[in-house]
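The structure appears below as structure tokens.
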Amino acid sequence: MSRQHAPRLHHRPQPYRPGRFFALVNGVTFGVHLLLALFAAEFMATRPWGETNLGMLAMLAQGSLLLWTAVRYDRHADVEH
């Protein structure tokens, strides 16, 4: 005699949330930048050339990352998965 299985419960599919990626990447980057600014001020003040220091370069990198993830978020916001 074969066993009958209980019907599977139908769950609504979870929507794709690119905002999690956006928040995670930018939050971690901001946290690392903040910790470096607080506890490694001498390191961040190191000048690789001219008047440019590592703190400025890190801020430019963080801003670029923010823009890149914002563009990705905007492109995927209307796409249904």
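Note on LEU35 and LEU54: their simple-model spin labels are 1.5 nm apart, each label 7 Å out from Cα toward Cβ. Here the simple spin-label model places points 7 Å from the Cα toward Cβ, and for ARG20 and ARG47 these points are separated by 4.6 nm. At full extension, TYR73 and ALA61 could sit 2.5 nm farther apart than now, given 0.36 nm per residue minus the alpha carbon distance.
Each value in this text was obtained by applying a stated rule to the coordinates, not by laboratory testing. Fair warning: this is a prediction, and the values are worked out from it, not measured in the lab. Methodologically, a virtual Cβ is constructed for each residue, glycine included, from the backbone with ideal geometry; neighbour enumeration extends over all protein chains shown.
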